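So the structure is just underneath, and the comments pick up after that.
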Amino acid sequence: MKGFFNRFVRPPQAARPAKGADDALRRQVSALYGLYSGLVGAEKVVLKAGKVDALELMRSDSLSERVLALQKLVYEDPTVDRLPTYEEIPAILEEIEDELADMMARRTVEEKIEKKIAEKMDQRHQEYIREIKAQVLKEEEPNVENPQTLKKYALLEKLEQKGLTKSVMELVRPASLAEIVGQERAIEALRAKLASPYPQHLIIYGPPGVGKTTAARLVLEEAKKLKFTPFAADAPFIEVDGTTLRWDPRDMTNPLLGSVHDPIYQGARKDLAETGIPEPKPGLVTDAHGGILFIDEIGEMDPMLQNKLLKVLEDKRVFFDSAYYDPSDPHVPKYVKKLFADGAPADFILIGATTRDPGDINPAIRSRCAEIFFEPLTPKHIEEIVYNAARRLKADMDGDIPRIISEYTIEGRKAINILADAYGRALHRAGGDTGKVVITTADVYQVVQSSRLTPYVSRKASATTEVGKVLGLGVAGYLGSVLEIEAVAFPAADKGKGSIRFNDTAGSMAKDSVFNAAAVVRKLTGQDMANYDLHVNIVGGGRIDGPSAGLAITAAIISAITGRPIRQDVAVTGEISIQGKVKAVGGVFEKAYGAKQAGATILIIPKENEHDIPRGHLGLDIRPVETAQAALEILLAKADQAIA
């Protein structure tokens, strides 16, 4: 049959012109015959040619007759009988090409539709089988209980009857805002932003163990009692740890926002699974509707999940979607239809707590939230927390215990844990009599030793003077600390060929501060550092990420070169410029805590940071300066000057 067809669609070799435009048109016509044959099949071409009276025309050597035959076949029109002229043939072939393209497109669409029809028929068949199985299962009513399941049920009932007493953290947890120690400013800001007719989303920054979660919970309880706030008496406080929240790209599980459990793979409710209905499962954002969603360590959340949370904050509801959901299915329960149609309500106030810096938090989250900073706790605050905890434990203790504990931690939670461990030792010594518990310093030191604790801050400041040593300040994770910076200078063996040595671990910006200091030293003292072998050291190898130690390094170098001693009761922070200007730095508030803990009485800060910290903060004498010369007048003691 194929050979028979070839006799019609291919002209004899001898009839083909060897060259010229006529030959090109013949090849184009042959190609169109071949394309048409591929669309309808070789056998059908012959049959159609007979019906439209085109067999003889197909066998003709005349190009016009072969084009006419092709017109009859493609258009399936036997009435077409006018032979085209040579000039008309190119336009006719172009029209035929367009028609063949349409035929190919229709053919592709028809094949897709046929495939979908087959798939739908198979799906309906499978659904019908499942419905039959579900009906059979419903009719049987099997006994789901057996000796093993009954035994497990009895065990659960037995476990429900047991319970421990409150943990020590629950016992000593503040019951009112007044009992939270050392956070008066932060609590006032928290109350103003939350206990309001228009409460705001919040991000709370601060070191761990200072009461961020407790304060948020207590402010909500206070807001519930106020008539002008939108919080009802039953407003929920939903707490979750951001480190445990992960984004599932498959959307199969999402405890924060909610997800849809499909009826086949994810264990939708049995009655829904049997009828092929997906089940939306609202998440924590819906549980927090009308109240507060508190996300601890929000900075650790997956970035994609944070972006999804932003959408919920905008819409105040969560929307669900599923390929299994059919809104026209009469078996879909009303609550499922409502969740798919309207979404789940999620109108709540977000409070995120973090120990990270603001720059580490998603900028879009920050732009929607007010920000509150909780302050580090001072040793006096820790002592007060220990006193309050001992009172709630109804235990006596030696008078030095609060001070001792304050030396080993700056976290209120950790201080209570140390006291609780010491309480347990004292209780065993008292033979279990809770009325005779006396906690001794020996109990505390035993806890400290067994826990391998070391003093958090050694008292570095003193009422003395030293040459080439100054107390700088650093900050990490909202905790300030004192850096001992020392310098020593020797005349260079070859004048003008001196060297400078500095800690490799201190950081590149700290090294830059040393070179900036060289210009300032020459300007203020007239001495060229190239004439000295100079060694600058950060005691303990501390790393300095920014330029804030520049002023302290400059003072240490000048003291080492001139021999003038530096007061050791002064802590200093500030960037130094090569012109001797003291520039603003960050973390001044936290650095003040570090200075206080180290025993400093005077704090030198840049003039540009003057309004970042209140005067007299923590009892410190705060001295804002604009130039290195002004700082040196405070730092460098006069010859033989005694510090009172």
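The values are calculated or read from the model by the stated rules, or taken from the named source; none is laboratory data. Keep in mind that what you see is a predicted model, and the values were worked out from it rather than measured. Every residue, glycine among them, receives a Cβ derived from its backbone with ideal geometry; neighbour counts consider all protein chains shown.
Read through the list (1) surrounded by fewer than 20 Cβ atoms within 10 Å (Cβ to Cβ); (2) at pLDDT below 90; (3) in the same structural domain as I553 (by TED's automatic domain parsing), then give the number of the only condition that V488 fails.
In the conditions (1) surrounded by fewer than 20 Cβ atoms within 10 Å (Cβ to Cβ); (2) at pLDDT below 90; (3) in the same structural domain as I553 (by TED's automatic domain parsing), V488 misses (2) alone.
If S259 passes every condition in (1) surrounded by 14 or more Cβ atoms within 10 Å (Cβ to Cβ); (2) in contact with a helix residue (DSSP H, G or I) (Cβ under 9 Å, 6 or more places away or on another chain) but one, which one does it miss?
(2)
Only one of these conditions is not met by L471: (1) assigned to a helix (DSSP H, G or I); (2) modelled with pLDDT of 80 or more. Which number is it?
Here L471 clears every test but (1).
Spot the failing condition for L393; the list is (1) within 33 Å of the chain's Cα centre (by Cα); (2) more than 26 Å from R191 (Cα to Cα); (3) buried (at least 17 other Cβ atoms within 10 Å of the Cβ), and only one is missed.
Failing condition for L393: (1).
Being among the aliphatic types (A, V, I, L, M) and within 23 Å of T378 (Cα to Cα) is the filter here, so list the residues in region 440-459 that pass it.
V444, V447, V448, L453, V457
Tell me whether region 342-361 contains one or more residues that are within 27 Å of V181 (Cα to Cα), of a type in the set (K, R) and out of contact with any Pro (no Cβ under 7 Å at 6 or more places or on another chain).
Yes, because at least one residue in region 342-361 is within 27 Å of V181 (Cα to Cα), of a type in the set (K, R) and out of contact with any Pro (no Cβ under 7 Å at 6 or more places or on another chain).
In region 359-384, which residues are surrounded by fewer than 18 Cβ atoms within 10 Å (Cβ to Cβ), in contact with a Leu (Cβ under 7 Å, 6 or more places away or on another chain) and not in a helix (DSSP H, G or I)?
If the condition is that a residue be surrounded by fewer than 18 Cβ atoms within 10 Å (Cβ to Cβ), in contact with a Leu (Cβ under 7 Å, 6 or more places away or on another chain) and not in a helix (DSSP H, G or I), then R368, A370 are the ones that fit.
Given the criterion in contact (Cβ under 8 Å) with a residue 60 or more places away in the chain, part of a helix (DSSP H, G or I), closer than 24 Å to R615 by Cβ and touching a Pro at 6+ places or on another chain (Cβ under 9 Å), identify the matching residue among K596, K591.
Sole residue among the options that is in contact (Cβ under 8 Å) with a residue 60 or more places away in the chain, part of a helix (DSSP H, G or I), closer than 24 Å to R615 by Cβ and touching a Pro at 6+ places or on another chain (Cβ under 9 Å): K596.
Given the criterion assigned by TED's automatic domain parsing to the domain that holds D321, buried (at least 22 other Cβ atoms within 10 Å of the Cβ) and modelled with pLDDT under 70, identify the matching residue among A268, A273.
One residue alone meets the criteria, A268.
Being within 31 Å of the chain's Cα centre (by Cα) and not assigned by TED's automatic domain parsing to the domain that holds A288 narrows it down to one of G399, G412, so name that one.
That would be G412, the only listed residue that is within 31 Å of the chain's Cα centre (by Cα) and not assigned by TED's automatic domain parsing to the domain that holds A288.
Which pairs turn up if I take residues in region 45-65 that are surrounded by 13 or more Cβ atoms within 10 Å (Cβ to Cβ) and look for partners that are among the polar types (S, T, N, Q) with beta carbon separation below 6 Å, at least 6 apart in sequence or on another chain?
Between residues of region 45-65 that are surrounded by 13 or more Cβ atoms within 10 Å (Cβ to Cβ) and residues that are among the polar types (S, T, N, Q), the close pairs are V45/S37.
Being at pLDDT below 85 and either in the same structural domain as A492 (by TED's automatic domain parsing) or more than 25 Å from T378 (Cβ to Cβ) (or both), is that true of even one residue in region 556-567?
no
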